[in-house]
Every structure is written in C-alpha cells, then in structure tokens.
Amino acid sequence: FMNGIILNIITLVIIFIITMSINWQITLISLYIVPFYIWAEKYYGNLMRKQSKRIREKSADLLGFLEENINFVKLIKRFHREEYEEADFGKRAEKILELDVKASLTGGFASSFIALVTFLPLLIVLGIGGYQVIRGFLTIGGMIAIYTYISKLFEPIDGLNSSVMGLQTS
C-alpha cells in the first residue's frame, strides 16, 4: 500500500521535473486541470459509492422479503394475500432496477466527464505547443515529449487518489 503511494509520488515528481525542463509554461497551464480531475474523481466516486450502497440495501431488503414470504407461504395462501405479496415484490424489484439504471447512467457520465477532463491538458499541449513550434520557441520533439509526459501524468494522480480513498475507507 505504502509502496504504491511512494511510487506514485516519485512518478509525479519525475514527470513534473521533466515537463518543467522542456517547457514550464505549457506544464503549468496543463496542470490547472488537475484540481478539476481530482474533484471529479472524488465527487463521482462518492456518488457511485452511495448509489451502490443503496442498491445493496434494497437487494438485502428484497432477499429478506423473499425469505419471509417463503417461510410464511401457507399463511399467505390461507389469507389470500398472493396478489398483494406479488405486487409488493414487483415494486421492490422495480426499485432495485431503477436504482441500478441510475447508477449505470452515473457511471457512464462520470467516466465520460473524467475522460474529457483528462483530455483537456493534451489539447492545451497541442494548442500552445503547436503555436510555440510555429514561433520557434519549441521543437516538434519537445512538444511530442511534453505531450507524452502530460498524458502519463494522470495515472499516478489517479493512483494517489485511489490510495487516499482506500485509506479513508479503511
């Protein structure tokens, strides 16, 4: 656990030093996106955890309901409550399905949003880097190098974010 945190920090520092030595302006402008990335990871991670917990709770409730009905099947038949219990089961199952669809939509939106936030620094590198190549302030090789390193920047950030959330969960 600690090895992963240390490795991610070292990777971040090395990428930062390399990109700063190639072009500090592009590096700093690209890093403005990092807080939005961290915010999106935490926000959607928390939201998806809450939705998953709710689905598990409702599933457990449904299983309890089924167990109770199986144990009291003779009583349910004696009082002619089959239709009522069946309708109740349908409502509970429908609620779980509704929550599951909502969680899937949240997950899809979250991954799309995070992918967009991750791609923005690369667009910045291409835009500003391309301009600097045309003006002669940066070589094409330098732009490709900084593009490659910035694209790798979010892996250790994600690893650190996951480690912190894992530590909080523990």
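The values are calculated or read from the model by the stated rules, or taken from the named source; none is laboratory data. Being a predicted model, the structure only gives us computed values, none of them experimental. Counting neighbours? That spans all protein chains shown, and the Cβs are built from the backbone with ideal geometry, glycine included. Each accessible area value is taken on the protein alone, full model and side chains, heavy atoms only, with ligands, DNA and RNA left out. Shrake-Rupley method; radii C 1.70, N 1.55, O 1.52, S 1.80 Å.
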Do we find a residue being over 30 Å from Gly136 (Cα atoms), open to solvent by 50 Å² or more (accessible area, probe 1.4 Å) and at pLDDT below 95 anywhere in the stretch 23-37? yes
Of everything in the stretch 134-147, what is out of contact with any Ser or Thr (no Cβ under 7 Å at 6 or more places or on another chain) and either surrounded by 15 or more Cβ atoms within 10 Å (Cβ to Cβ) or of a type in the set (Lys, Arg) (or both)? Give them in sequence order. Arg135, Leu138, Gly142, Met143, Ala145, Tyr147
Step by step: first the residues of the stretch 57-71, then only those that are surrounded by fewer than 12 Cβ atoms within 10 Å (Cβ to Cβ) and within 32 Å of the chain's Cα centre (by Cα), then the one that is farthest from Phe119 (Cα to Cα). Which residue is that? Gly64
Out of Lys74, Lys50, report the one residue that is part of a helix (DSSP H, G or I), open to solvent by 70 Å² or more (accessible area, probe 1.4 Å) and either touching a Lys or Arg at 6+ places or on another chain (Cβ under 6 Å) or modelled with pLDDT under 90 (or both). Lys74
Name the residue, out of Ser104, Ser163, that is open to solvent by 70 Å² or more (accessible area, probe 1.4 Å), assigned to a helix (DSSP H, G or I) and either more than 30 Å from Ile22 (Cα to Cα) or modelled with pLDDT under 95 (or both). Ser104
Determine which member of the set Ile18, Ile14 is touching a residue at least 12 places away in the same chain (Cβ under 8 Å), of a type in the set (A, V, I, L, M) and either part of a helix (DSSP H, G or I) or closer than 24 Å to Ala115 by Cβ (or both). Ile18
